[in-house]
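Please treat every number below as a calculation from the coordinates, not as lab data. Bear in mind that the values here come from a model prediction, so they are computed numbers and not experimental data. So basically every Cβ, Gly included, is an ideal-geometry build from the backbone, and we count neighbours across all protein chains shown.
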Amino acid sequence: MSDRYSRQTLFAPIGFEGQRMISQKHVLLIGAGALGSGNAEVLARAGVGKLTIIDRDYVEESNLQRQQLYTEQDVIEKLPKAAAAKKRLLEINHELNIKAVIGDATPEVIEDLCREVDLILDCTDNFETRMLINDASQKHGVPWIYGACVSSYGMSLTIIPGKTPCLNCLLKKIPLQGMTCDTGGIIGPAVQMVIAHQSAEALKILVEDWEHIRQTFVSFDLWNNQYTNIKISKAKDEGCLSCGTTRTYPYLQSENRTKTAVLCGRDTVQIRPPHDTVISLATLSKQLKSLGYEIKGNPYLLSIEMAEQRMVLFQDGRALIHGTKDITHAKSVYQRILG
Amino acid sequence: MNKIMLFAHLRDEAGAEYIELQAEGKTVADVKELIAEKYNLTKLDSTMSAINEEFAEDDEVIQKGDIIAFIPPVSGG
């Protein structure tokens, strides 16, 4: 297999030295959905030293349209995504050192891994985990790359501690009800475009070509032919609690995390967002109905029928997930709808 | 006049790629409020803003000819 990386080492900015560096780096991939599948495949083929993949879900039929590592057999077997991804990635590159973590990306799990990784790739579907990654990245000095997409629209940002503004500088708070693939739909090319941006930046970071890191927030709409780069150098906020002069890393603190509780004897998990919020139930109801969900409701709550669960969502963001006692699964169901 | 570029759900809600508005002297927050009402746009409070392709805070004042963009962060992945 001596020829294996020849086309990549021929690429001058990587070369033999770059390839050697790639082969010694450890990348943490959080989320093994559409972005996770694609980014993992690029890195496995590129010869990354070690990959750790965290995911809490299992493979479902509706994933196959865009999540490139998975097969119909994985759906039949209901394989956890992290395990199915590991199996496929080892078929692609048997030399890959890969660890699959099946579970929730909690502050403890992420902080532990931060001590040994060179880069974090955000392939999650919610802002709560992204803000958590952002704080852990600043605290432990590990770069991370934000990526997200919905319908034909996608975006990405590279965050290097000490060099660029962080996600909290730009957003200031967790945007609730960000559009998700379960509410706005998604096409494969939008996923691929985000993967291309994230993985190109990942290769630059792995070969330590800091000069060529993109300094902008990129966003695009492939259906409507828009491509925009926003300069962010002036956005660095010295008062930012994640990367400013006085840091508290707020999203590593438990009071800023979604609260969950299993309701005894009811086969139900209650989910409460960390802060007061008002959800536009009418808008959400319209969106979900157009996607074929069966929705009932009144001005105070929505009842959303799903394959195996029923979610009752209140205007203040609180939800009851009926039909499960599994907190991790319930949180996943909740964040798929609310982001 | 100022051109206001809309992305993602904002574009769908307004039914246009951009809108034109006299925004000189107004802040980014003023413009958000104005267009939210006029075009029934939602979730503008968590939308990122840019003036002339540079990230802008809510209190930034808009000058003559500035092009403003509202970019809603999305969470799918």
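Residues checked against (1) among the aliphatic types (A, V, I, L, M); (2) within 30 Å of A:ASN63 (Cβ to Cβ); (3) out of contact with any Asp or Glu (no Cβ under 9 Å at 6 or more places or on another chain):
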| residue | (1), (2), (3) |
| --- | --- |
| A:SER2 | no, no, yes |
| A:GLN8 | no, yes, yes |
| A:GLY15 | no, no, yes |
| A:GLY18 | no, no, no |
| A:MET21 | yes, no, no |
| A:LYS25 | no, yes, no |
| A:GLY31 | no, yes, no |
| A:LEU35 | yes, yes, no |
| A:GLY38 | no, yes, yes |
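So that you can scan it fast, the table gives a plain yes or no per residue for (1) acidic (Asp, Glu); (2) touching a strand residue (DSSP E or B) at 6+ places or on another chain (Cβ under 7 Å); (3) over 30 Å from B:GLU57 (Cα atoms):
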| position | (1), (2), (3) |
| --- | --- |
| A:ASN97 | no, yes, yes |
| A:ILE102 | no, yes, yes |
| A:LEU113 | no, yes, yes |
| A:ASP122 | yes, yes, no |
| A:HIS140 | no, no, no |
| A:GLY147 | no, yes, no |
| A:CYS169 | no, no, no |
| A:LYS173 | no, no, no |
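Residues in the range A:4-35 that are without any contact (Cβ under 8 Å) to a residue 60 or more places away in the chain and not in a helix (DSSP H, G or I) were compared, and the one that is farthest from A:VAL207 (Cα to Cα) is A:ARG4. Of the residues that sit in the range B:31-51 and are part of a loop (DSSP other than H, G, I, E, B) and more than 9 Å from chain A (Cβ to nearest Cβ), which one is farthest from A:VAL194 (Cα to Cα)? Restricting to residues being part of a loop (DSSP other than H, G, I, E, B) and more than 9 Å from chain A (Cβ to nearest Cβ), the top hit is B:ASN40. Can B:GLU13 be described as outside any loop (DSSP other than H, G, I, E, B), more than 30 Å from A:ILE186 (Cβ to Cβ) and of a type in the set (D, E, K, R)? For B:GLU13, the condition - outside any loop (DSSP other than H, G, I, E, B), more than 30 Å from A:ILE186 (Cβ to Cβ) and of a type in the set (D, E, K, R) - is not met. I'm trying to understand the selection: among the residues of the range A:237-290, which are aliphatic (A, V, I, L, M) and either in contact with a strand residue (DSSP E or B) (Cβ under 6 Å, 6 or more places away or on another chain) or within 16 Å of A:LEU320 (Cα to Cα) (or both)? A:ALA261, A:VAL262, A:LEU263, A:VAL269, A:ILE271, A:ILE279, A:LEU281, A:LEU288, listed by residue number. When the range A:290-324 is filtered for residues that are exposed (fewer than 15 other Cβ atoms within 10 Å of the Cβ), farther than 22 Å from A:ILE174 by Cα and not aliphatic (A, V, I, L, M), the ones remaining, listed by number, are A:SER290, A:GLY292, A:GLU294, A:LYS296, A:ASN298, A:PRO299, A:TYR300, A:GLU305, A:GLU308. Give me the residue from the range B:59-77 that is in contact (Cβ under 8 Å) with a residue 24 or more places away in the chain and facing another protein chain (nearest Cβ under 9 Å) and, out of that set, nearest to B:MET5 (Cα to Cα). Top of the filtered list is B:ALA69. Tallying residues that are more than 10 Å from chain B (Cβ to nearest Cβ) and farther than 23 Å from A:TRP210 by Cα within the range A:127-150 yields 2. Restricting the search to helices (runs of 4 or more DSSP H) fully inside the range A:72-190 and requiring at least 3 residues that are farther than 28 Å from A:ILE327 by Cα and either of a type outside the set (Lys, Arg) or touching a residue at least 12 places away in the same chain (Cβ under 8 Å) (or both) gives A:81-92.
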